[in-house]
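No lab work stands behind these numbers, since they all come straight from the coordinates. Owing to the predicted nature of the structure, the values given are computational and were not obtained by experimental measurement. Because the Cβ atoms are built from the backbone with ideal geometry, glycine has one as well, and the counts that use them run over all protein chains shown.
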Amino acid sequence: MKKALITGITGQDGAYLAELLLEKGYEVHGIKRRSSLFNTQRIDHLYEDPHEKNVRFKLHFGDLSDSTNIIRIIQEVQPDEIYNLGAMSHVRVSFDEPEYTAQVDGIGTLRILEAVRLLGLTEKTRIYQASTSELYGGVQGHAQSELTPFYPRSPYAVAKLYGYWITVNYREAYNMYACNGILFNHESPLRGETFVTRKITRAVARIGLGLQDKVFLGNIDSLRDWGHAKDYVEAMWLILQQEKPEDFVIATGVTTTIRDFVKMAFAEIGVELAFQGEGVEEKAFVVSASNPDFPIEIGKEVLAIDERYFRPTEVDLLLGDPTKAMTKLNWKPKYDLAGLVKDMMSADIDLFRRDQLLAEEGHLVLNYFE
Ligand code: NDP
Ligand code: GDR
């Protein structure tokens, strides 16, 4: 039985990847940070009682900022594959926590590679590094591929640039099977609540149910190439199953503005919007509402801009060219953007209908953070 170790197992991708690897028959080990609450909601359905025999899902306390802990866990697990997904992954927050981001997203990657080398596991253990389209940052005007030069535009992207190159360097210097997946934005019902797609689908569901008035966003002109996380974890696994270690771009090849994502999300509850004004003055109003389950007043203002969400340096356009992955890995996404929006909206409508019921029965205080 193959053993996989996943850092960032409590995150969006970690949860989907763990599920996929368990389905494929792996023994799955995950590194989980100590927190004051359990913070395992995304993987609770995978939990197995450690007192039972033949348990295939195991969690270890750890942190990418602690080499001693990383070395000990890798020594104990002796993994065939490591997926380094752990990171301070929020671009806007990286401007507030630049040093921590460098420690975890940059040096954290080195800690994994060096642990494998020091433990003499270079022949046995294959390593996947969660690289990102944010590496391209300021490179604009054409689809971004494995050959496009990098121009990171945030402390997050600069830290990930180090992670990218140290992975390439260890592959070349020590002949390790270590690869970068350069993944473009991927989303799902498990997406963190402060990333823009999930912020939108949560807000639209709540506005539709009468639980919230409007949503405040930052730059709605930027363009993103969005895929579904379920499709993207499949690509991570494929990248580690090749004969030779290589880096791959994973993307859909379609790019869309945040504004259009908002329109698509509202369309899921039968609401059509009109946008008026420019820059920080832009607002969106309801033009029609056709679904009686979501009776929103015509003319209601449902979106406004808040400069708090602007970034000191923005990435205006991301558009990936996944040709290499589609030909060499035979990878093809199952979801398009419409399918992704549908999946996220349906999950958030269910979630807030439940909240609404619990609140009506007095079991829940409705208090939403943005
Ligand atoms: P999430 O933010 O959902 O998950 C990040 C995970 O990393 C969480 O499990 C988090 O733990 C963990 N983590 C954070 N800091 C540390 C630390 N110091 N030590 C150990 N673990 C830590 O991210 P995603 O699942 O969306 O992304 C997975 C990876 O892929 C990340 O590296 C991200 O940067 C990268 N990526 C993501 C893309 C996307 O569109 N989703 C695109 C390209 C790259 P906790 O739950 O305790 O916070
Ligand atoms: P991104 O994702 O920065 O691309 O990084 P995010 O969803 O945070 O932003 C996408 C775009 O939306 C604009 N935006 C807002 N963003 C947020 N979070 N909140 C808002 O209110 C808002 N309004 C507008 C942003 O300015 C940006 O242009 C994600 C992360 O998963 C990274 O870890 C990953 O590496 C990249 O995707 C690829």
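Determine the distance separating the Cα centre of region 21-50 from the Cα centre of region 305-342; give it in Å without decimals. Each part's Cα centre sits 27 Å from the other's.
Taken over region 3-183, the percentage of Cα pairs per 10 Å bin, counting from 0 up to the bin with the maximum distance, is 10, 37, 36, 15, 2, 0. Full extension of the chain between residue 357 and residue 35 yields a length gain of 113.0 nm, computed as 0.36 nm times the residue separation minus the alpha carbon distance. Legend: calculated FRET efficiency, residue 168 to residue 56, from the Cβ-Cβ distance at R0 = 30 Å, rounded to 0.05, equals 0.40.
Once fully extended, how much extra length lies between residue 2 and residue 23, figured as 0.36 nm per residue of separation less the alpha-carbon to alpha-carbon distance?
Full-extension gain reported as 6.3 nm.
Amide H to amide H distances under 5 Å link residue 182 with 248, 249, 250, where only residues 5 or more positions off or on other chains count and H is placed in the peptide plane. Largest mean-square fluctuation among 54, 175, 39, in a Gaussian network model of the chain whose springs join Cα atoms under 10 Å apart, belongs to 54. Taking amide hydrogens as placed 1.01 Å from N in the peptide plane, the amide H of residue 86 sits under 5 Å from those of 7, 8, each at least 5 positions away in sequence or on another chain. Could you compute the net charge surrounding residue 364? Neighbours are other residues with a C-beta less than 10 Å from the C-beta of residue 364; K and R count +1, D and E count -1. For residues surrounding residue 364, the net value is -2. Rounded to whole numbers, the Karplus 3J(HN,Hα) couplings from phi for region 54-59 are 6, 6, 10, 10, 10, 10 Hz, using 6.51 cos²θ - 1.76 cosθ + 1.60 with θ = phi - 60°, and x at Gly and Pro. Applying the Karplus relation 6.51 cos²θ - 1.76 cosθ + 1.60 with θ = phi - 60° to region 272-279 yields 3J(HN,Hα) values of 9, 10, 10, 9, 9, x, 10, x Hz, where x marks Gly and Pro. Diagonalising the gyration tensor over the Cα atoms of the chain and scaling each eigenvalue by 5 before taking the square root yields semi-axes of 36, 24, 18 Å, largest first.
Under 10 Å, Cα contacts only: if you run a Gaussian network model on the chain, which one of 262, 93, 204 comes out with the highest mean-square fluctuation? Judging by the Gaussian network model, the answer is 93. For the residue pairs 199/334; 3/199; 53/324, alpha carbon separations beyond 32 Å are given by 3/199; 53/324.
In the chain, helical runs assigned H by DSSP with n ≥ 4 each contribute -39500 (n - 2.57); averaged across all residues and rounded to the nearest 500, the mean residue ellipticity at 222 nm is -10000 deg cm²/dmol. Net charge dipole, the chain: roughly 920 debye, given to the nearest 20, about the Cα centre with Cβ charges of +1 for Lys and Arg and -1 for Asp and Glu. Cross-link reach is defined here as a Cα-Cα straight distance under 13 Å, omitting same-chain residues fewer than 8 places apart; for residue 160 the aspartates and glutamates meeting it are 99, 105, 134.
Take every DSSP beta bridge whose two residues both sit in region 3-183; close to 0 percent of them are antiparallel. Residues whose amide H lies under 5 Å from that of residue 364, counting only those 5 or more places away or on a different chain, are 359; hydrogens are built 1.01 Å from N in the peptide plane. Judged by the mean number of other Cβ atoms found within 10 Å, the most tightly packed of the peptides 178-185, 280-287, 158-165, 21-28 leads the ranking 178-185, 158-165, 21-28, 280-287.
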